[in-house]
Amino acid sequence: MSLGPARVIAGGDDSAKAWLPSMRAFLEVDPLTESVVYSPIPVEQTSRAITSFALSASGKVHALFPLRGSGEELLTTPYALAELDARRETWRKVPIDRTFPRGALLAGWNGSDLWLWNRPARRLERVEGAQP
């Protein structure tokens, strides 16, 4: 089962941010010190959720995760925006009045507007004013 595609983004500080669903992890690699910070993706091992992430200009890490109580995700399971805390230990739901359809992929985030890839429509969509 897959949590989505792997992605690598170079940060403004020349570090690499890697979203590795097959490892159920978000990694940050500093090429100068060769240090690696590992943050687990908080989705159960048996999940078929499609997860995604984006960096804001300020370096904050955001992701879309399924909102579910228990059991498998359904086709109607909504997704919510989450933020990785500064210590890279905990993902917290961002308090915005919006959920997203299953399968939406976070393509970008600038702190106020989201960019989502709408898979069924095959287009990039801007969600304005999504700031908490």
*Quick one: dipole size for the chain, taken about the Cα centre, charges +1 on Lys/Arg Cβ and -1 on Asp/Glu Cβ, in debye to the nearest 20.*
480 debye
*Net length gained if the chain between ARG87 and VAL127 were fully extended (0.36 nm per residue, minus Cα distance)*: 11.6 nm
_Let me cross-check ASP85: its accessible surface, 1.4 Å probe, with only protein heavy atoms counted, in Å² to the nearest 10?_
20 Å²
*Please state the equivalent ellipsoid semi-axes for the chain: what are the square roots of 5 times the Cα gyration tensor eigenvalues, largest first, in whole Å?*
23, 18, 14
*Cα centroid separation - segment 5-53 against segment 88-131, whole Å*: 17 Å
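The values are calculated or read from the model by the stated rules, or taken from the named source; none is laboratory data. Source: prediction; values computed, not measured. Note that each Cβ is placed from the backbone with ideal geometry, even for glycine, and that neighbours are counted across all protein chains shown. All accessible areas refer to the heavy atoms of the entire protein, side chains included, with ligands and DNA or RNA removed. Shrake-Rupley method; radii C 1.70, N 1.55, O 1.52, S 1.80 Å.
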